[in-house]
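Visitor: What follows is a single structure, and I will ask about it in a moment.
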Protein chains: 2
Amino acid sequence: MYRTHTCGELNLGYRNIDVTLSGWVQRSRNLGGMTFIDLRDRYGITQLVFDLDTDSQLCMKAREMGREFVIQVSGKVRERSSKNPKMPTGEIEIEVGKLNVLNPSSLPPFTIEDESDGGEELRMKYRYLDLRRNPMKKNLELRHRMAVEIRKYLDEQSFLEIETPMMIRSTPEGARDFVVPSRMNPGEFYALPQSPQIFKQLLMVAGFDKYFQIVRCFRDEDLRADRQPEFTQVDCEMSFAGQEDVLNTFEGLARHLFYKIKNISINEPFPRLTFRDAIEQYGTDKPDIRFGMKLVEISDLVKGYDFPVFENAGYTGGIVAENCASYTRKQLDQLTGYVKRPQIGAGGMVYVRYNSDGTIKSSVDKFYDNQALRKWIEKTGARPGDLLLILSGERTRTQTALSELRLEMSRQLDVVNQDDYAPLWVIDFPLFEWDEETNRFYAMHHPFTSPRHEDISLLDSDPASVRAYAYDLVINGVEIGGGSVRIHDENLQKKMFEKLGFTDEQARKQFGFLMDAFHYGAPPHAGVAFGFDRWVAVFSGSGSIRDVIAFPKNNSGRDLMSDSPSTITGEQLRELGLQIRGR
Amino acid sequence: MYRTHTCGELNLGYRNIDVTLSGWVQRSRNLGGMTFIDLRDRYGITQLVFDLDTDSQLCMKAREMGREFVIQVSGKVRERSSKNPKMPTGEIEIEVGKLNVLNPSSLPPFTIEDESDGGEELRMKYRYLDLRRNPMKKNLELRHRMAVEIRKYLDEQSFLEIETPMMIRSTPEGARDFVVPSRMNPGEFYALPQSPQIFKQLLMVAGFDKYFQIVRCFRDEDLRADRQPEFTQVDCEMSFAGQEDVLNTFEGLARHLFYKIKNISINEPFPRLTFRDAIEQYGTDKPDIRFGMKLVEISDLVKGYDFPVFENAGYTGGIVAENCASYTRKQLDQLTGYVKRPQIGAGGMVYVRYNSDGTIKSSVDKFYDNQALRKWIEKTGARPGDLLLILSGERTRTQTALSELRLEMSRQLDVVNQDDYAPLWVIDFPLFEWDEETNRFYAMHHPFTSPRHEDISLLDSDPASVRAYAYDLVINGVEIGGGSVRIHDENLQKKMFEKLGFTDEQARKQFGFLMDAFHYGAPPHAGVAFGFDRWVAVFSGSGSIRDVIAFPKNNSGRDLMSDSPSTITGEQLRELGLQIRGR
């Protein structure tokens, strides 16, 4: 037996008990004739003490134990003379009688502390050491706990977890598939699923009513910040259910997680915002509603003053930064620089200081007199002492830029309590989005998404304005998940494919087996999928999903630890009937 | 709202209540002026009744509902005149007032009944219809329930479920990897994991103590019966744990599942059998111990009688078929045919009838007199009325063939109650197995498996006899899982690689990052992995794992439903930097 107890459980209740512990040497120090070792395992840290007078040989041996050595000790629990009230085991220490080195350790390339001295690349290469650090350990424990609670809630709601295949048919629509060559079927490939979408719909056709799965998904994208080629989804689908059923069921799930994981009771229904309102008020479909500072459009107030920038703009609008009238020139220049960064792409920024004394000063005084500016102030609701920040240009881009400016101001003004959580449903997403490049409509969610009933008549006359039964769950400005009611009517599905520019043949080739299935009694159904990594990251307070994934890949899709991907042997390639192009 | 209740919950307690149900038309029949429809959903079947007199239009509409139409009905719950005590809803029916067709259905290509008229291929192609059948539904429900209980038990034992990557480094040792070309790293490939072995060991190095994961694994093998290219494993690992800890912990898991899923309390410890004893007594390392009929070696009794077959055999042994002395010539010929099949490969079979009157008659009377045969009878413990079946030849092959014969006899004699379950640990597996073809030792379990301490000294002198800390869980003759204590000592691991014929360089190339990790304080650890599909199949009584997988592949690794794998576009290939060989 390697241990009788863990390093996290002993306290004064165990006084004078003989125990055996195993763990890692966190640190050791010599004080006069005594040697102290902090022994660490998953559960905590326990102080070991060796007395040179009592057993000099043992104490000398203890002094040889380097950082991260794995040791086993036996001894008696005793009360500490100087207690540490911050540690659960801080009242006791172990008077060691026996020390056994289970495995020595080389000196780790960075410190195993809450704040490590290792850079990200080094910590990724030695991920198994990085994971020993408390914050990483806590993240994976949180992830486990969240998965447990998700499964518990959904099981109680009669959902069945059903595993769907990982090696499926490749469908070129959408993001790029990762593919897997088939040795038994040379020249043919499986694809790794971008989501189990089709399979979960087939499970509805099969009558499984309430399905979920915590499942790995894959997307071969050029990795932006905080994307991973493989990620985990909480994938769900319900039959004989509409939008309201899905929202209620999964609002219940979110509520359950808030309560069980964060100890937060949310009693009110989650607010709902239409896509249109979200864009208008926040400039984004995933607003952080923990603070106000809403966008206010003033397009109609700014025209007719010969200011060409505003005159020709599709949209002019602003936000009110409370109590910022006193922002310095430098601060304002920095903000202008912020919105002009290529990622945000505004052409410039206009400001209006509404000073505490009631006077008004703007960067466009040349064009707008006090009376004009007062109208802006009135419309935006600015009060004396506030600063009005205004962007202008093409509508969507400007709203997006204002949204970024709003977030930046919330950081500068520190208006958000990081322990607050504000969940929100965004609903009524458009069914289609227009792609300028290919000059066609794409499904905003996916091609099986149902239009709202009252908008079906617009499918021909005004497709761009058709709203879908599609919804997103947003928490603190992060899109946690989304879903839709699916089309179960064959004719409507055909219409949808037609609008998306699929020929019958293309539709058949890609989705034929799903369309076939729909001939045999497909029930009305709807679903949702949550980004599990993101949800855990939001609950953990981590900035990156990499911090909540045990073995993530970097931005080039590489695992720095195993140095993967890697070349394979010629024999492997031959068996697969493949060769590397140009060799 | 599509329904107020499910089709499985209504009974007399709901009499006179207005309800709305949705589901599939299982069958319909007209009796005089009445039309009855059995409406099916995931939860059961409810009888609907339409009365031609009351509402002729509605009744006529009901008569148009074909099999598998999806309909929604509203009506009143009323007591049935002729009750069906076999159905939970058999006391009531719905007097329908409103009928709404949610989706019509084409005539399904096979009947959706417990015993379908569809062949396997057809049912695979229309898997979503096959899954509507009760036995398939029950299997997936069982699978869900087992996963729930596994997670519950392990969570209570402080195990953390940690997700490991699906796109990992390819290691050519072992079975073939499925590989995934990397677009971002042209010419390089990920592999899909055959198991998370290395990652779970790294998690132990990272200090995660008790890990598990219900995880998809992949193996590109030529598919034998009941293998799938992707399968699900319950993968587990523990630190500061030895063989005894693992066996106790997971015997607890098995006990928990027996109790929660099958309502079977097993109070005694699971029997343990060494690999050597298993082979000797049953001819296999996964014996079905629900019945006796053990193998008895009689090699020493059969030599010296000038019967060349036995004289030159490495092994001669038999089993006693109770009360089969009266087997006919034809029956015996069939048995001989059975063991001579190429899959079993015995050269022939010798029998001894020990007749009820005490006389003895054998197929080798020419060589063996009554006195000689009596010794066989004594050794094997046959009693009057029994039949002794004897095989002979090379030791291992003959034991294997006898094992098959034993199973065949158990079926013929129907000695096994299919509701009985007999779990068993097989322990002390050999560390190595010798491969004649490549003339080298292979790791029987894997190269990280620890030899038993007392056998380490034999590593050089007699490697073939070294036993490992390796163990299998066997239930009813099916290997449910297996595992081992891992080597955590660097020098022992080096020795192991040396014995397996790895050069330092090869070992570094394949397992370098694991070996690196072991420099930084690897704890002693041990683990186990269970074949989840097989465990569910055993508990479901299904003959095949295909029956407990929602969307399985056939023996050529094809999904007949989506017709996958399939070709991909030239564009996809180009992006991956690949071309099909010979094109």
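Visitor: Which whole number gives the average, over all residues in A:154-167, of C-beta atoms from other chains lying within 10 Å of the residue C-beta? Could you put the intermediate results ahead of the total?
Guide: On the way: counts 0, 6, 0, 0, 3, 1, 10, 8, 9, 13, 4, 13, 8, 12.
Mean partner shielding for this stretch: 6.
Visitor: To make sure I understand the rule: partners must be lysines, Cα under 18 Å from the Cα of B:LYS260, and not fewer than 8 residues away in the same chain. Which ones qualify?
Guide: Those lysines meeting the cut-off are A:LYS152, B:LYS138, B:LYS152.
Visitor: Then there's this: Take every Cα pair under 8 Å in region A:12-103 that's 6+ residues apart, average their separations, divide by the length, and report that relative contact order as a whole percent.
Guide: 33 percent
Visitor: Moving on. Could you point to the residue in B:ILE112, B:GLY187, A:ASN554 farthest towards the positive end of the protein assembly as shown's charge dipole, with +1 and -1 charges on the Cβ of Lys/Arg and Asp/Glu respectively?
Guide: Among B:ILE112, B:GLY187, A:ASN554, the one farthest towards the positive end of the dipole of the protein assembly as shown is B:ILE112.
Visitor: How many angstrom lie between the C-alpha centres of region B:285-318 and region B:556-576?
Guide: One Cα centre to the other: 51 Å.
Visitor: May I pose another question? List the residues of region B:533-560 that lose 50 Å² or more of accessible area once all protein chains are present, compared with their chain alone (1.4 Å probe, heavy atoms only, no ligands or nucleic acids).
Guide: Residues meeting the cut-off: B:PHE551.
Visitor: Follow-up. Less than 19 Å apart at the alpha-carbon level, and either on another chain or at least 8 residues along: which lysines does that give for B:LYS294?
Guide: Partners within reach: B:LYS286, B:LYS375, B:LYS379.
Visitor: Any chance you could check the Cα centroid distance between region A:408-438 and region B:1-32 for me, in angstrom?
Guide: Cα centroid to Cα centroid, the span is 44 Å.
Visitor: Determine which lysines satisfy two conditions relative to B:LYS494: a Cα distance under 30 Å, and not lying fewer than 8 residues away in the same chain.
Guide: Answer for B:LYS494, where 30 Å is the Cα cut-off: A:LYS61, A:LYS98, A:LYS125, A:LYS553, B:LYS200, B:LYS210, B:LYS509, listed by chain and number.
Visitor: In Å² (nearest 100), what accessible area is buried between B and A, both sides summed, heavy protein atoms only, 1.4 Å probe?
Guide: 10900 Å²
Visitor: Rolling a 1.4 angstrom probe over the protein chains, ignoring ligands and nucleic acids, what is the accessible area of B:TRP434 in square angstrom, nearest 10?
Guide: So the heavy atoms of B:TRP434 present about 120 Å² to solvent.
Visitor: Between A:SER158 and B:GLU436, what FRET efficiency comes out of the Förster formula 1/(1 + (r/R0)^6) with R0 = 60 Å and r the beta carbon distance, rounded to 0.05? Show your work: numbers first, answer last.
Guide: Details: r = 55 Å, r/R0 = 0.91.
That pair, B:GLU436 with A:SER158, gives E of 0.65.
Visitor: Let's see if you can work this out: charge +1 on each Lys and Arg Cβ, -1 on each Asp and Glu Cβ, no other charges. What is the dipole magnitude of the protein assembly as shown about its Cα centre, in debye to the nearest 20?
Guide: Working: 150 positive and 170 negative charges, 21 e Å.
Dipole of the protein assembly as shown, to the nearest 20 debye: 100 debye.
Visitor: Still on this structure, I have one more. Give the residue from A:MET204, A:ALA401, A:LEU142 lying farthest towards the positive end of the charge dipole for the protein assembly as shown; charges sit on Cβ (+1 for Lys and Arg, -1 for Asp and Glu) and the dipole is referred to the Cα centre.
Guide: Of the listed residues, the answer is A:LEU142.
Visitor: Could you work out what % of the accessible surface of region A:12-103 is carbon and sulfur, using a 1.4 angstrom probe and leaving DNA, RNA and ligands out of the count?
Guide: Result for region A:12-103: 48 percent of the exposed heavy-atom area is carbon or sulfur.
Visitor: Taking each residue in A:440-452, count the Cβ atoms of any other chain within 10 Å of its Cβ, then average. What number comes out?
Guide: On the way: counts 0, 0, 0, 0, 0, 0, 0, 0, 0, 0, 0, 0, 0.
The mean count of partner-chain Cβ atoms within 10 Å per residue comes to 0.
Visitor: So what is the 222 nm mean residue ellipticity for chain B from helices alone, if each DSSP H run of at least 4 adds -39500 (n - 2.57) and you divide by all residues, rounding to the nearest 500 deg cm²/dmol?
Guide: -8500 deg cm²/dmol
Visitor: Subtract the Cα-Cα distance of B:GLU394 and B:ASN84 from 0.36 nm times their separation in residues, and report this length gain in nm to one decimal.
Guide: The B:GLU394-B:ASN84 span can extend by a further 105.6 nm.
Visitor: Ok, one more. Angle, helix B:490-499 long axis vs. longest principal axis of chain B, Cα atoms, 0 to 90°, nearest 10?
Guide: Approximately 80 degrees, to the nearest 10.
Visitor: What number, in percent, do you get for the relative contact order of region A:292-407 if the mean sequence gap of Cα pairs under 8 Å and at least 6 apart is divided by its residue count?
Guide: Across region A:292-407, relative contact order equals 38 percent.
Visitor: Related question: Determine the shape class of chain B: with a ≥ b ≥ c the square roots of the Cα gyration tensor eigenvalues, call it rounded for a/c under 1.5, and otherwise prolate if a/b is greater than b/c, oblate otherwise.
Guide: oblate
Visitor: With every protein chain kept in the model, how would you rank A:LEU31, B:LEU154 by accessible area, 1.4 Å probe, largest at the top? Don't skip to the answer; put the middle values down first.
Guide: Numbers: A:LEU31 105, B:LEU154 0 Å².
Result, largest first: A:LEU31, B:LEU154.
Visitor: From the Cα gyration tensor of the protein assembly as shown, with a ≥ b ≥ c the square roots of its eigenvalues, which class applies: rounded if a/c is under 1.5, or else prolate if a/b is larger than b/c, or else oblate?
Guide: The shape class here is oblate.
Visitor: Take every DSSP beta bridge whose two residues both sit in region B:159-284, then give the antiparallel share in percent to the nearest 5.
Guide: Bridges in region B:159-284 that DSSP calls antiparallel: roughly 85 percent.
Visitor: Calculate the mean, over all residues of peptide A:60-73, of how many other protein chain Cβ atoms lie within 10 angstrom of the residue's Cβ.
Guide: On the way: counts 0, 0, 0, 0, 0, 0, 1, 2, 4, 2, 10, 1, 3, 0.
Averaged over the peptide's residues, the number is 2.
Visitor: Further question: Leaving out ligands and nucleic acids, note down the accessible area per residue over chain B with a 1.4 angstrom probe, in whole Å².
Guide: Averaged over the residues of chain B, the accessible area is 42 Å².
Visitor: Continuing with this model, one more query. What percent do you get for the relative contact order of region B:479-583 when only Cα pairs under 8 Å and 6+ apart count? Spell out each step's value before the answer.
Guide: Working: 66 pairs, mean separation 27.0, N = 105.
It rounds to 26 percent for region B:479-583.
Visitor: If we hang a label 7 Å off Cα along the beta carbon direction at A:ASP306, how far is it from the matching labels on the other copies, in nm, shortest first?
Guide: Output for A:ASP306: 13.3 nm, nearest copy listed first.
Visitor: Working from Cα positions, state the angle (0 to 90°, nearest 10) between the long axis of helix B:243-262 and the longest principal axis of chain B.
Guide: Computed tilt is about 30 degrees.
Visitor: Considering only the label points, 7 Å along Cα→Cβ from Cα, what distances in nm to one decimal separate A:ARG27 from the same position in each other copy, shortest first?
Guide: Distances to the matching label points in the other copies: 7.7 nm.
Visitor: Under the convention of a label 7 Å out along Cα→Cβ, give the distances in nm from A:ARG63 to the same position in every other copy, shortest first.
Guide: Distances between equivalent label points, in nm: 10.3.
The values are calculated or read from the model by the stated rules, or taken from the named source; none is laboratory data. These numbers come from a predicted model, not from an experiment. When we count neighbours, we look across all protein chains shown, and the Cβ atoms used for this are built from the backbone with ideal geometry, even at glycine. Please note that ligands, DNA and RNA were not included when accessible areas were found on the heavy atoms of the full protein model with its side chains. Shrake-Rupley method; radii C 1.70, N 1.55, O 1.52, S 1.80 Å.
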